[in-house]
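Since the structure comes first, as structure tokens, the remarks are kept for the end.
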Amino acid sequence: MAPATSAQRDDGSQRTLSKHELPADKAKYIVTKPEMEEFLKRTFGARGDFDVSQWQVLVQADEKTRATNQQTLGITTCTQTAYTQAAEVESVLSDKELPRIRIVSLHSTKSPLPLNISETLMRKILTRYQVDPAFLPVLFSFGEMPHLAESGSSNIASTASSDGSQKISYQIRYAEENYRSPDRPWSVRQTGVYHHHSPKSHFDIFILLHPTENSLFEQQVTSLDMKESSQAELASLVENSYRLHLMPFALYLDNWRWYFRYLGEDFQDKNDQVMTVNIKTSAAVSLNFDKVQGLRDLEDTALSLSAYCKAGSGVIKALQEVPGAEFQGIWSLKPFDARLRGHSEDLSVLTKRIGNTIELFAYALDLKNQYTAADINNHVSQLAEKTTNDTTAVKWITYLTLVYLPGSFVATLYGMNLFIFNPQTRRLVIAEDFWICVVTWFLLTLLTFVGYGALIIRHRPRGESSWHWLDNLKKKGLEGP
């Protein structure tokens, strides 16, 4: 630091300037004026009064002068080299010279499918960079749908060595639009991260696992150094490699909000159907098992999502505890943690509301069933009453038939001989033996009743009196309707 000097402002007032020399490890990554201003703000505060006029001379110089000045001042531009073929990757693995940062980015063709890398090449990568075995659960979780029993697991592991090196591995889950089905427009996906920071050898290795090809995280990583504005981002990453961990949270965390809003609207539709239906009308038919099943599915989804948010918050907490990570200021993880905690609370409220709606739905279904049962009983009662009236009429017809049938038979049998028409007097003449017809009719009627009674007694239920049928006849039949 040089002694303070005075300078005059544009408005004529005086200001005090201090000269500061940039550390070599900082200066070589600062190339443009905005990068210089950003460094000064982080070092001295955003409200500092900075004079970067001398820096402007360097920035505004032509390419030849700029290259000379960079060489003189020790400023180097950060670059990246991408290897996409298996042969190129194997060739790089055999190099003894290591770059400042190496990022191995792997993806699946689709979310449930395995990663697009052979087992042999994956083994070589794990062996070459001595990957911590704690990363294996994260690696093996790809290639299948997230298991419901592991909703709250992030497989976070953080190991520190005596030489200052740090190994971190974890996975985060997030929501993303799938643009496939209008019924289920959102999918829950996961991203895996492994990071080995070795300050002794000035080398960092990242292994990033993406659920789909060209995911936002993968695009962001591969786009570094493709435009001038990313130079500051590369320089910042080289300065502190832990800052790469902020990228997935910044890219995916906001998706939760829109997914939760979609779930809330879906729940609101189902809740309105229960709150507005009149169970005494035909509209109660809409209350069925499918509606309850849909609410149960929504409740299970909310419970799983709450576990995902809590797991993400656990990852952030573990990252903040890593020595030397320096997640402070504009690189702080606290805003992401606060949002995840807020989402978890939102899901807790949504889960309780869904539970209340399910209880109301079950109560409405019970009332609906009671009204249906009462209506059925009413119809059965009316049908039974009509059946009783019809049965009584049939019984009376049966009794009359029992009386008239023998007489009809006797009349048919003796009719021609007992009733003679006298053409002279024009009257019917009853035979003297008419009494035989009456006696025969009486005996046949008596025989018919005795046979009917014997048939009932034979088929009566056990334990009933032999003459119980006569009591039934008296009560139900002979007394009339």
May I ask you to say which residue of 220, 171 is outside any loop (DSSP other than H, G, I, E, B), buried (at least 16 other Cβ atoms within 10 Å of the Cβ) and out of contact with any strand residue (DSSP E or B) (no Cβ under 9 Å at 6 or more places or on another chain)?
220
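Rundown of residues vs (1) touching a strand residue (DSSP E or B) at 6+ places or on another chain (Cβ under 8 Å); (2) at positive phi; (3) not aliphatic (A, V, I, L, M), yes/no style:
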{"site": "81", "(1), (2), (3)": "no, no, yes"}
{"site": "91", "(1), (2), (3)": "no, no, yes"}
{"site": "116", "(1), (2), (3)": "yes, no, yes"}
{"site": "121", "(1), (2), (3)": "no, no, no"}
{"site": "126", "(1), (2), (3)": "no, no, no"}
{"site": "138", "(1), (2), (3)": "yes, no, no"}
{"site": "143", "(1), (2), (3)": "yes, yes, yes"}
{"site": "149", "(1), (2), (3)": "no, no, no"}
{"site": "158", "(1), (2), (3)": "yes, no, yes"}
Filter pass, residue 290 being in a helix (DSSP H, G or I), under 16 Å from the mean Cα position of the chain (by Cα) and either over 30 Å from residue 101 (Cα atoms) or assigned by TED's automatic domain parsing to the domain that holds residue 174 (or both)
no
Cβ-Cβ distance below 9 Å, separation of 6 or more or different chains: which pairs start in region 391-408 with a residue that is without any contact (Cβ under 8 Å) to a residue 40 or more places away in the chain and end on one that is β-branched (Val, Ile, Thr) and assigned to a helix (DSSP H, G or I)?
407/445
Only one residue in 201, 108, 169, 158 is touching a residue at least 60 places away in the same chain (Cβ under 8 Å) and under 24 Å from residue 336 (Cβ atoms). Which one?
158
Only one residue in 298, 333 is crowded, with 16+ Cβ neighbours inside 10 Å and within 30 Å of residue 194 (Cβ to Cβ). Which one?
333
Given (1) surrounded by 16 or more Cβ atoms within 10 Å (Cβ to Cβ); (2) within 27 Å of residue 165 (Cα to Cα), index of the condition residue 108 fails:
(2)
Does residue 387 meet the test of being surrounded by 10 or more Cβ atoms within 10 Å (Cβ to Cβ), within 30 Å of residue 448 (Cα to Cα) and not small (Gly, Ala, Ser)?
yes
Restricting the search to region 358-403, which residues are more than 18 Å from residue 289 (Cα to Cα) and aliphatic (A, V, I, L, M)?
374, 376, 380, 383, 384, 393, 394, 397, 400, 402, 403
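The values are calculated or read from the model by the stated rules, or taken from the named source; none is laboratory data. What you see is a predicted model; the values in this text were computed from it and never measured. Neighbour counts run over all protein chains shown; Cβ positions are idealised from the backbone, glycine included.
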